[in-house]
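Notes follow once the structure below has been shown.
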Amino acid sequence: MIQAVVDGVLTGGVYALMAAGLTLIFGVMDIINVAQGIFVVLGAYLSYVLSVHLGIDLFVGLLITMPAMFVVGVVVQWVFISRLGERERTAMSILATYAIAIMIEGILGLVFSDNYVELNAWYVTRSYHVFGFYLPYIYVFGFVLAAVLLGAIYLMLYKTRFGASVRASLQDRSAARLVGVNVDRVATITFGIGVAVTAAGGMVYGATNSFNPNTGYDLISRLLTIVILGGLGSIGGALGAAVCMLVLEDVVAVVWSPVWAPFVFFAALVVVLSVRPTGLFGRSSARAQ
Amino acid sequence: MTAWTHRSDLRSSLGRSRRQRSGLFALVGTGALVLAACGSSSAGGGAPKSNAPIVIGASLSLSGDFSADGQAFDRGYQLWAAYQNAHGGLLGHKITLDIVSDASDPAQVATNYQKLITVNHVNLVFGPFSTLLTVPASKITNRYGYAMLEGAGGAPLAFAQGLHSIFDVSAPVANALIPFAKWIASLPASERPKTAAYPTSNDPFTEPQLPVAQKILQAAGVRTVYSKVFPSEVTDFTPIADAVAASKAQIVLLGSVDVPTVSAFIKAFAQQHYNPKAFIATAGPDQGTAFASAVGASNTEGVMVPNAWYPGATNPGSQAMVASYVAKYGGTASGVNADVAEAFSVGQVAAQAVEATHGFNQAKIIAYLHSGVTLTSVQGPVHFDALGENTSATIFAFQWQKGKFLQVLPVADSSSSKVEFPKLAWGA
């Protein structure tokens, strides 16, 4: 039981890393990015290439993969998202990002085939022994990485001039334009940052799970659940929701039955939304932070 | 994953919506095909005109959840067709394959076979990958009187339909763990493990296997300390694997359908410093380099898997097939997937039935396959019972030892190496 709680907290950190970009992009741009799952997989494959072919450590490799994914995000935003009309932006974004996901999946399939791969490093199968419990290095490192990156995003949002522009865009795009914020530029950079953070999530995911180009579909429903529960646009909410959901799921799997764990995961979303439609840190409260 | 396997398909809500949409297309498509079928004969098959190629239709998972296995099956069918064409084709007709993708979708696979039969008028049909897809496919082919020869739909669910026209050339799935269980039961009491864990995916491929082994082991005094089913949609295996580790079971029989499941358990076991004396997974460790690269070479040591074929099989036909595969697709012999052999076997058995019945009449082919005749394949002899299961198939168990994938069970088989027992610790 306690081991399940520990597992849930640590795994929650990994999911928060993967979900952070999703909630950031939605918060600023009203874009429901269903390509987030494939961006996770793309990040994992970039780490795979650096690790297997160049022998670069997974965490060191983030210094390359995160900027690379930032560029990918900027290009995707500029080529596909920026051309969506304002009126049906949110609805159309689902179709556009789904098309992007299909394209990236196809390219990954051509380059890497459909065989499953996994990221390996010396710390992937080792663990700390603390108070009778084993804490896997990779999950601990991943959790720390999540805390650092999410903290950095938080500081960027609330302690920088660019963050003020982001929050202004987040609150009211038209009003932000009126006060001189280049909303399109902010949106492009934010999309890039959201995708760049996903590279880190993809690396940790790839080190804890096998993946292939189709794996994105396994992830997107869970990531959407987390960001909705955490409140669309809330970085802290994503972390809190990810930890809560994974702890709940893991405890149910151990104490009750693994068969019911996924059901409880999604049932929790329904229960929370019926009581608090804006999620734990709902959109309005998130934007007022 | 061996071709006995299948994974339950829908693994995310997006995946569901994607498939629900494809299901809608499938429904519309099926309606159109039913209309088309109204004007076509349902006699099945039929002889091609002289010198015309014969067309064999199949639906395979070239994308989606089963894409790795589907593509391996595609190579197996293509390899057989090339081999057969090089040896005169079928009754003098050149063979052409009409393979369409079902995207691992049970609705799409039904539409595909409907189209192959009623629109494309194929002469023969070969099966798709997995029990999940074979069941809906065989309903369609049975409706039109076609013999459904397949190599990857061996779970009891496929035969519980009571169809007379389905034939699985591979080994029956439910018996897969019997050699392992009997071997454990045969160990001297002082060496025999005392406890066992049985985690399994809720899948028609895995679920029938574990109770059979559990019964044998419990009769031998091996106590069950963990026995739980987990959904195939699981993306985080850590709590389940940790619970197995906490049970301290001396042996683990894992009902897995793919490499990711086995890999997740092995990594969690290593992280928990849990080293069972024996670890066998129903699928995954047979995937050669894909498995080794996923879990790390040092973690393959001692891992076992049941199967009916492996690239080192001494059967001359098998060796020739492996050589042809390497020549055509590259790589090494050890990288040849068992799916390839299963697909190749389908073609071999079909060819023998066509030659024996001197034509492509489906009723005659079905009657011939049910006649009790013993046929040959790269996987060994094939003899169908009344249900269409191959009762002559021999099941082995294989084990990774020092980076090699070796046959170790049955112990009495001359090709078997000594079992590494207890297995070495993870990472050793």
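Annotations
- Lone qualifier among A:22, A:10, A:17, A:42 - being in contact (Cβ under 8 Å) with a residue 12 or more places away in the chain and farther than 19 Å from residue A:245 by Cβ: A:42
- From the options A:82, A:47, residue that is among the hydroxyl-bearing types (Ser, Thr, Tyr) and surrounded by fewer than 16 Cβ atoms within 10 Å (Cβ to Cβ): A:82
- Test: residue in segment A:185-203 that is over 19 Å from residue A:14 (Cβ atoms), among the small types (Gly, Ala, Ser) and without any contact (Cβ under 8 Å) to a residue 24 or more places away in the chain: no
- Selection from segment A:176-210 of residues that are farther than 22 Å from residue A:145 by Cβ and touching a helix residue (DSSP H, G or I) at 6+ places or on another chain (Cβ under 8 Å): A:176, A:177, A:179, A:181, A:182, A:183, A:186, A:187, A:188
- Of all residues assigned to segment A:106-119, at least one qualifies as being among the acidic types (Asp, Glu), buried (at least 17 other Cβ atoms within 10 Å of the Cβ), farther than 21 Å from residue A:69 by Cα and at the interface with another protein chain (Cβ under 9 Å from one of its Cβ atoms).
- Here segment B:243-297 is the region considered, the condition is being under 22 Å from residue B:340 (Cβ atoms) and either of a type in the set (Lys, Arg) or not in a helix (DSSP H, G or I) (or both), and the residue that is nearest to the other protein chains (Cβ to nearest Cβ) is B:258.
This table checks each residue for (1) modelled with pLDDT under 90; (2) over 22 Å from residue A:221 (Cβ atoms); (3) among the hydrophobic types (A, V, I, L, M, F, W, C).
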{"site": "B:224", "(1), (2), (3)": "no, yes, no"}
{"site": "B:229", "(1), (2), (3)": "no, no, yes"}
{"site": "B:232", "(1), (2), (3)": "yes, no, no"}
{"site": "B:236", "(1), (2), (3)": "yes, no, no"}
{"site": "B:239", "(1), (2), (3)": "yes, no, no"}
{"site": "B:253", "(1), (2), (3)": "no, yes, yes"}
{"site": "B:260", "(1), (2), (3)": "yes, no, no"}
{"site": "B:270", "(1), (2), (3)": "no, yes, yes"}
{"site": "B:273", "(1), (2), (3)": "no, yes, no"}
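- Scanning segment B:357-372 for residues that are in contact with a strand residue (DSSP E or B) (Cβ under 9 Å, 6 or more places away or on another chain), part of a helix (DSSP H, G or I) and more than 26 Å from residue B:307 (Cβ to Cβ) yields B:362, B:365, B:366.
- Residue satisfying all of: in segment A:120-133; under 26 Å from the mean Cα position of the chain (by Cα) and in a loop (DSSP other than H, G, I, E, B); surrounded by the fewest Cβ atoms within 10 Å (Cβ to Cβ) among these: A:122
- Taking the criterion of being more than 14 Å from chain B (Cβ to nearest Cβ) and in contact with a Gly (Cβ under 9 Å, 6 or more places away or on another chain), the residues of segment A:77-103 that qualify are A:77, A:92.
- Criterion violated by residue A:160 - all others in (1) among the polar types (S, T, N, Q); (2) surrounded by 24 or more Cβ atoms within 10 Å (Cβ to Cβ); (3) away from every other protein chain (no Cβ under 14 Å) satisfied: (2)
- Some residue of segment A:165-188 being touching a Leu at 6+ places or on another chain (Cβ under 7 Å) and at the interface with another protein chain (Cβ under 10 Å from one of its Cβ atoms): no
- Qualifying residue in segment A:7-28 (condition: β-branched (Val, Ile, Thr) and surrounded by fewer than 24 Cβ atoms within 10 Å (Cβ to Cβ)): yes
- Verdict on residue B:267 being buried (at least 22 other Cβ atoms within 10 Å of the Cβ) and of a type in the set (Lys, Arg): yes
- Among the residues making up segment A:196-249, those that are within 14 Å of chain B (Cβ to nearest Cβ), more than 14 Å from the chain's Cα centre (by Cα) and part of a helix (DSSP H, G or I) are A:207, A:208, A:245, A:246, A:247, A:248, A:249.
- For residue B:342, the conditions (1) acidic (Asp, Glu); (2) more than 30 Å from residue B:258 (Cα to Cα); (3) buried (at least 24 other Cβ atoms within 10 Å of the Cβ) are fulfilled apart from (2).
- Top-ranked residue of segment B:118-137 - restricted to ones that are over 24 Å from residue B:307 (Cα atoms) and not hydrophobic (A, V, I, L, M, F, W, C), ranked as surrounded by the most Cβ atoms within 10 Å (Cβ to Cβ): B:123
- Answer residue from segment A:233-253, given it is in contact (Cβ under 8 Å) with a residue 24 or more places away in the chain and surrounded by fewer than 24 Cβ atoms within 10 Å (Cβ to Cβ) and is nearest to residue B:245 (Cα to Cα) among those: A:251
- For residue B:229, the stated conditions hold: it is within 14 Å of another protein chain (Cβ to nearest Cβ), among the hydrophobic types (A, V, I, L, M, F, W, C), in contact (Cβ under 8 Å) with a residue 12 or more places away in the chain and under 20 Å from residue B:157 (Cβ atoms).
- Close pairs from segment B:90-101: first touching a residue at least 60 places away in the same chain (Cβ under 8 Å), partner part of a strand (DSSP E or B) and not β-branched (Val, Ile, Thr), Cβ under 9 Å, at least 6 apart: B:90/B:124
- Within the set A:59, A:70, A:26, the sole residue that is modelled with pLDDT under 90 and among the aromatic types (Phe, Trp, Tyr) turns out to be A:26.
- Filter result for the condition that a residue is touching a helix residue (DSSP H, G or I) at 6+ places or on another chain (Cβ under 7 Å), outside the structural domain of residue B:266 (by TED's automatic domain parsing) and under 30 Å from residue B:242 (Cα atoms), over B:157, B:163, B:132: B:132
The values are calculated or read from the model by the stated rules, or taken from the named source; none is laboratory data. The structure displayed is predicted, hence computed values, not measured ones. Cβ atoms come from the backbone with ideal geometry, glycine included; neighbour counts cover every protein chain shown.
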